[in-house]
Every structure is written in C-alpha cells, then in structure tokens.
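Student: I have a structure here, written as structure tokens, and I will follow up with some questions on it.
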Amino acid sequence: MSADQACLCCRRQKRKCDKILPRCTLCKRLNKPCDYLLPAEAPRLLSLPDWADLTPFNLRHTLEAQVSLIVGDGLQLQAAAASYFRTIHTWFPIVSETCYNIRLSNVRVQMATALSDLSLLTLCMALVCKELVGEDLPLSTRSMYASLKSFVALLEAMGVNSLEMLQCRLLLTIFEIGHAMYPAAYVSTAANLLDQALVHVHVTQSRSLFDGVEAVQILKSITSFLSTFQSGDSNPHPLSNSALALCRSAMLEILEVGSHTHIPDNESCIHTSLNILKSLVYEIARGVETSPPIETASLSVFLPHCIYKAAMVCLNDTRLAGGVDPEPSIRPLKALLGYLGMRWLAARRYLAKIETA
C-alpha cells in the first residue's frame with residue numbers, strides 16, 4: 001500500500017520517496033520518523049482563471065498536457081482506451097469505439113494537437129475507470145474529478161458545444177452516481193431536465209404524489225421493454241447490464257409506492273403490486289446467486305441502487321409480517337453490495353444504510 005504523496009521528511013530534504021506505508025524505505029533505512037500528515041496551513045487564495053488567458057489554443061495545450069501526464073502517450077493511450085471499452089463501454093455505450101480510435105489515429109498521423117473536447121473526453125474516460133484504493137477514492141482521483149468539472153465549465157463558458165462535451169458530462173455524472181457524490185450527482189443528472197423542472201416549480205396547481213394511471217402506463221412500458229430486451233439469444237448478465245438494472249430499479253420504486261398507496265375501490269391493484277414486487281425481489285436475489293462471476297471493473301454503476309431497493313423491500317415486508325428473520329432473504333443482496341463496494345463507493349453507502357435499518 002502506498003500514500004498519495006511523499007512523506008514530510010523526504011519533502012523537506014527534497015529526496016525521492018517511494019511513499020510506502022506506514023514508513024517509506026529511506027526513513028526505515030535511516031531509522032527516522034516517517035509522517036505523511038501535512039501540518040495545518042494558513043488559508044491560501046486559490047488562483048482564478050483570467051479571461052484573457054482562456055483562449056482555445058491555451059485550453060487545447062493544457063488539456064493535451066493533462067492527457068500526457070495522467071493517461072500517457074502512444075501505447076499507454078491505446079491501453080487506457082482499450083480498458084475503457086472493455087469495461088465501462090459494455091454497460092454504458094455512449095462513445096463509439098470506432099469513431100474515437102479514428103480521431104486519435106488522425107491526431108497521431110498528422111502530428112497535430114488534439115481538439116480540446118477530444119482531450120477532455122479522453123480524460124473523462126480515464127476518470128470513470130479509476131477504482132477505489134482501500135475504502136475510498138484516492139486524493140489524486142478526486143483532484144482529477146474536480147479539475148475535469150472545471151474544464152467542462154470553462155469550455156461551456158467559451159461556447160464549445162459538441163457531442164464530445166455531452167459525452168464528458170454523462171461520464172462525469174456516472175462517476176458522481178457511482179461514488180455517491182451528492183448533491184453533485186443530482187444536479188448533473190437534472191441538468192438536461194431544467195426546463196421541465198422550472199415548469200414544476202412555477203406550476204400553481206398541485207398534483208397527487210402518486211398517479212395510478214401514469215404508474216400503470218410506466219409499468220407496461222418497462223415490462224414491454226424488458227420482454228423485448230430479454231427475448232434475444234443470450235440472457236443479459238444481471239451484474240453488468242445497465243438497462244436491466246435501470247428497469248428493475250424503476251419497477252421497484254413504482255411498485256413499492258403503489259403497494260402502500262390506498263386507492264379507493266382498488267384493493268386488487270395493491271395486492272397485484274405486492275405480488276409483482278415479491279416476484280421481482282426474488283428474481284433479483286436469484287440472479288445474484290446464479291450469475292457467473294464478472295470482472296470488478298465491468299460492474300455497472302446502476303446496479304447498487306437496484307440491489308439496495310430490493311433489500312429494503314425485503315426488510316419492510318418482514319417488518320410488517322412480524323416475527324420473521326429477514327437475514328436469509330437479504331444475505332445474498334448484502335453480499336453483492338459488498339462485492340460492488342470494491343468498485344463503487346455508493347454500494348458501500350447503501351450497505352451501511354441496510355445495516356442500520
């Protein structure tokens with residue numbers, strides 16, 4: 001295990017530190033105390049960008065330098081792209097592998113500077129491939145995330161609007177959702193729904209919290225989509241398939257609310273919701289137990305919420321039934337959240353909420 005930065009002793013003496021925890025090699029060999037904690041510092045003013053410096057050429061040069069520093073050049077760049085398309089792309093295919101590789105090849109062949117949005121996309125692809133170190137994201141990954149958010153804002157302020165910019169925003173949102181970065185994830189997810197949000201803010205007539213007719217239509221659409229989706233030659237893998245996880249999450253949300261909503265003269269609808277809900281939870285738990293193993297890096301970011309909702313439904317059902325131990329029902333779901341927690345921080349947060357429930 002290694003630290004994100006050199007120890008204080010090596011920093012003071014300006015020597016190379018191998019950052020090994022709990023003591024670096026030099027401090028251990030010289031029998032000196034090794035401390036990685038920085039002393040308390042006085043507040044510092046952060047530099048703000050000067051509009052005169054925000055030229056397309058400067059941003060392009062800066063982003064290309066960041067790609068070279070963080071991702072690498074040549075074969076390293078190809079390996080990073082291959083890793084992204086082997087893992088993230090399998091459950092979130094928003095970047096065309098062919099088009100991306102053609103654009104990279106054109107830049108290398110012509111020995112030209114990559115456009116800002118292409119360099120930014122390369123960095124965002126590298127960001128979502130970053131994994132946890134221990135039980136949290138390393139500081140270097142969080143710094144990279146903050147920098148990329150800033151670059152997106154700068155390019156938008158300069159009027160840059162392209163498909164690559166949209167892809168960057170989506171990948172950043174995926175990163176925020178996967179690592180429970182709230183409220184940033186909420187804001188990013190809702191960014192393209194601003195007009196609809198403003199309509200609801202200014203509407204003068206209140207709506208019911210649960211529209212039964214609308215819910216039934218949504219359920220029919222999801223069920224139809226799932227039937228079409230699962231009618232292919234191969235069954236989708238429940239641990240890496242985003243569409244399956246999203247559909248199940250939506251169904252769990254609607255059915256859970258519907259099963260606890262008292263609609264006059266429509267008790268059969270409530271019982272139907274409960275039956276479908278139990279069947280869906282069983283289907284998810286069964287899929288977790290019988291699915292073949294999958295590479296950690298390929299786990300879908302949308303799966304933790306689906307598993308969490310299924311576990312909470314089990315807990316609520318056993319609480320209402322009384323005297324029933326929920327542990328056998330939710331044990332496989334908790335085990336999967338623990339496994340997902342090796343990749344996505346959000347899964348660990350969900351698991352902690354289940355434990356406290």
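Every number in this text was worked out from the coordinates using simple rules, so none of it is lab data. Bear in mind the structure is a predicted one, so any value in this text is a computation, not a measurement. Neighbour counts are summed over all protein chains in view; Cβ atoms, including those assigned to glycine, are modelled from backbone coordinates with ideal geometry.
Student: Taking neighbour Cβ counts within 10 Å as the exposure measure, how do E135, E156 sort from fewest upward?
Tutor: Ordered from fewest to most neighbouring Cβ atoms within 10 Å, E135, E156 come out as E135, E156.
Student: Over all directions, what mean area does the Cα convex hull of the stretch 13-145 project, stated in square nanometres?
Tutor: 12.3
Student: Using Cβ contacts closer than 10 Å as the measure, can you line up D50, D35 from fewest to most?
Tutor: D50, D35
Student: What is the sum of charges, Lys and Arg at +1 and Asp and Glu at -1, for the other residues whose Cβ falls under 12 Å from the Cβ of S2?
Tutor: Numbers: positive: K19, R23; negative: D4, D18.
So the surrounding residues net to 0.
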